[in-house]
Amino acid sequence: LTCHPMNRLVVLLLVLLLAYAGSGQRFLPLMNETDHIGSLMNYTNQGVKCIQVFQNDLYIGGEFTSQMGVGCVNLARWDGQQLSDVPGVPLPANIIGITDLVVWNDQLIIATGARGDSAVVAWNGTETTPMNMPISSMYCRKLIVFENSLYGAFSGDAAFRGIYRYEENTWNQIASTLVSELFDFASSGNELWFVSDERLYQIVQDEPIE
């Protein structure tokens with residue numbers, strides 16, 4: 001008895017589907033279709049930009065005013081059962097929304113999309129602490145933890161764009177990208193990489209190598 005390859009594929013898909021149906025695992029949408037459709041007039045409800053697990057809860061950041069009917073501006077928390085806002089996290093008014101979330105030193109680090117002192121804040125589960133950015137025109141696009149240190153890609157004033165490392169309670173620039181906007185980080189072993197709108201860079205002893 002032979003079986004056509006296509007029939008075998010159909011049988012395999014049915015077996016996988018039945019196994020999935022009995023596993024109790026489900027994908028649950030955390031937004032309805034209107035929550036992430038943006039308004040060109042006021043730049044609200046642009047959607048989710050980042051997620052991060054902190055203290056067994058899932059934190060959702062982006063630019064929105066509600067999720068699943070729950071009023072929450074730019075930051076929401078999913079505890080496995082329900083979605084809620086995050087009381088105690090004062091977020092400055094801006095049109096960018098939260099751009100990134102990472103966990104560092106037992107705190108949730110939030111890139112708020114604002115400029116200056118509130119560009120990045122640390123949330124310990126109870127209260128927030130501003131992580132001082134001394135240049136008021138700068139905002140943080142991306143964050144990464146590399147070799148136990150916190151790095152941020154900051155944009156804004158072209159003269160100060162670049163990679164900053166948080167140390168001694170302030171952000172210090174370790175690499176300038178001049179006219180380039182920074183988009184993302186990646187790390188591999190003892191190498192830290194970042195990509196701009198023009199080039200891919202590697203940080204070697206705090207110097208960018210193209």
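The values are calculated or read from the model by the stated rules, or taken from the named source; none is laboratory data. Keep in mind the model is a prediction, meaning the values are calculated, not measured. For neighbour counting, all protein chains shown are included, and Cβ atoms are generated from backbone atoms with ideal geometry for every residue, glycine included. Accessible surface areas use protein heavy atoms only, side chains included; no ligands, DNA or RNA. Shrake-Rupley method; radii C 1.70, N 1.55, O 1.52, S 1.80 Å.
Residues being closer than 30 Å to Ser188 by Cα, open to solvent by 20 Å² or more (accessible area, probe 1.4 Å), modelled with pLDDT of 85 or more and not in a helix (DSSP H, G or I) are entirely absent from the stretch 150-157.
Would you confirm whether or not the stretch 122-132 contains a residue that is closer than 19 Å to Gly61 by Cβ, open to solvent by 40 Å² or more (accessible area, probe 1.4 Å), part of a loop (DSSP other than H, G, I, E, B) and modelled with pLDDT of 90 or more? So far as the stretch 122-132 goes, yes, one or more of its residues are closer than 19 Å to Gly61 by Cβ, open to solvent by 40 Å² or more (accessible area, probe 1.4 Å), part of a loop (DSSP other than H, G, I, E, B) and modelled with pLDDT of 90 or more.
Scanning the stretch 184-203 for residues that are under 21 Å from the mean Cα position of the chain (by Cα) and in a loop (DSSP other than H, G, I, E, B) turns up just one, Asp197. Would you pick out the residues in the stretch 133-142 that are open to solvent by 10 Å² or more (accessible area, probe 1.4 Å) and in contact (Cβ under 8 Å) with a residue 24 or more places away in the chain? Pro134, Ile135, Tyr139, Arg141, Lys142 - these are the residues of the stretch 133-142 that are open to solvent by 10 Å² or more (accessible area, probe 1.4 Å) and in contact (Cβ under 8 Å) with a residue 24 or more places away in the chain.
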